[in-house]
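Novice: Take this structure first; my questions come after.
The values are calculated or read from the model by the stated rules, or taken from the named source; none is laboratory data. If you're wondering where the values come from, they're calculated on a predicted model, not measured in any experiment. Counting neighbours? That spans all protein chains shown, and the Cβs are built from the backbone with ideal geometry, glycine included. Areas reflect the complete protein model, heavy atoms only, side chains present, ligands, DNA and RNA absent. Shrake-Rupley method; radii C 1.70, N 1.55, O 1.52, S 1.80 Å.
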Amino acid sequence: QVQLVESGGGLVQPGGSLRLSCAASERILSFLTMGWYRQTPGKEREWVAAICPNSGTTDYADSVKGRFTISTDNPKNTVYLQMNSLRLEDTAVYYCSIRTWSRLDYWGQGTQVTVSS
């Protein structure tokens with residue numbers, strides 16, 4: 001059972017920045033992909049960004065492209081989401097997720113990001 005612990009959420013003004021962290025209990029190089037999702041009340045969970053820990057290949061949802069950056073620190077078994085130029089509509093609970101090579105998905109507990117003036 002992989003454990004994922006997110007941190008770094010909080011309250012920020014529009015245009016501000018936050019960095020989310022997700023620490024895994026196992027070596028992230030053993031995972032197929034790692035990603036970030038977000039969810040607001042009454043809506044389905046939305047994919048935000050993904051990274052392949054081995055190749056470093058990244059992908060982003062159009063809504064965050066150019067503003068968010070996903071990265072990993074392999075020795076620390078941690079994935080980050082750097083969020084810049086935050087907008088009101090980025091407000092959500094952000095979840096870290098990993099997919100193993102056997103196609104099992106694991107999720108963190110979520111961290112709240114609130115963008116408000």
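Novice: Let's test this: bin the Cα-Cα distances of the chain at 5 Å from zero up to the farthest pair and state each bin's percent.
Specialist: 2, 13, 24, 26, 19, 10, 5, 1, 0
Novice: Continuing with this model, one more query. Among VAL5, VAL64, what's the order by accessible area (1.4 angstrom probe), most exposed first? Intermediate values should be presented prior to the final figure.
Specialist: Numbers: VAL5 85, VAL64 0 Å².
Ranked from most to least accessible, the order is VAL5, VAL64.
Novice: Can you list the chymotrypsin sites (Phe, Trp or Tyr not before Pro) in segment 82-117 that are in a DSSP coil and have 10 or fewer other beta carbons within 10 angstrom? Intermediate values should be presented prior to the final figure.
Specialist: Working: sites: TYR94, TYR95, TRP101, TYR106, TRP107; in loops: TRP101.
Those satisfying the criteria are TRP101.
Novice: Run the accessible area of the chain with a 1.4 Å probe and give the carbon-and-sulfur part as a rounded percent. Kindly include the intermediate steps, with their values, before the conclusion.
Specialist: On the way: 2950 of 6150 Å².
Here it works out to 48 percent.
Novice: Something else about it: If I measure Cβ to Cβ between cysteines in the chain, which ones have no partner under 4.7 Å?
Specialist: Those would be CYS52, since no other cysteine Cβ in the chain comes under 4.7 Å of theirs.
Novice: Could you work out how much longer the chain between ASP105 and ASN54 gets when fully extended? Use 0.36 nm per residue separation minus the Cα distance between them, nm to one decimal.
Specialist: Values: separation 51, 0.36 × 51 = 18.36 nm, distance 1.74 nm.
Net length gain for the segment: 16.6 nm.
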